[in-house]
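Contents: one structure, followed by commentary.
The values are calculated or read from the model by the stated rules, or taken from the named source; none is laboratory data. None of these values were measured; they are calculated from a predicted model. Cβ sites come from the backbone with ideal geometry, for glycine too, and all protein chains shown count toward neighbours.
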């Protein structure tokens, strides 16, 4: 069993009320091998909401207290992002989930790169708030653009059909 970002599963949970359905994950969902999770929703953020980005660093810096998550409207949503990540981690632990496929570039779920904090569409190196927490707790994080993702999906489906 793995977890996937709810927006990649087709749930309309993104800041603008949309989703980012990622068709290759559909087979995992249909086989019952993937469950959706959205740290931002678990943190109590509404849909729709102002787009948010990390300022002053990346996800691990948010946990260290040296960076913040702020909406483009100026609202500080750091606490909601942290609470949502903690609730998502508990959800994963309760289900013994050790691998997740999350939305690239997101201030929650980004893995290896996130939006810069300037609200201009530019990216910077770093992880989102939830990704930083998950990785610190031994959970392997992939994103939908990972070059080996199709192989992982195939392996999961093959193992699921054999066991």
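A compact table of results
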item: Residue 12 in contact (Cβ under 8 Å) with a residue 24 or more places away in the chain, within 15 Å of the chain's Cα centre (by Cα) and crowded, with 19+ Cβ neighbours inside 10 Å; result: no
item: Answer from 117, 121, 138 - the residue that is closer than 22 Å to residue 19 by Cα, free of Cβ contacts under 8 Å to residues at least 60 places away in the same chain and in a loop (DSSP other than H, G, I, E, B); result: 121
item: Residue count, the range 15-27 (criterion: in contact (Cβ under 8 Å) with a residue 40 or more places away in the chain and either within 13 Å of the chain's Cα centre (by Cα) or assigned to a loop (DSSP other than H, G, I, E, B) (or both)); result: 2
item: Residue within the range 36-46 that is in contact with a strand residue (DSSP E or B) (Cβ under 7 Å, 6 or more places away or on another chain), buried (at least 18 other Cβ atoms within 10 Å of the Cβ), under 25 Å from residue 98 (Cα atoms) and at pLDDT 95 or above present; result: yes
item: Test: residue in the range 102-110 that is surrounded by fewer than 13 Cβ atoms within 10 Å (Cβ to Cβ) and under 22 Å from residue 34 (Cα atoms); result: no
item: Test: residue in the range 153-161 that is crowded, with 21+ Cβ neighbours inside 10 Å and touching a residue at least 24 places away in the same chain (Cβ under 8 Å); result: no
item: Criterion: at pLDDT below 95 and more than 16 Å from the chain's Cα centre (by Cα) - qualifying residue of 72, 30; result: 30
item: Matching residues in the range 86-101 - criterion: being more than 11 Å from residue 44 (Cα to Cα) and outside any loop (DSSP other than H, G, I, E, B); result: 86, 88, 89, 90, 91, 92, 93, 94, 99, 100, 101
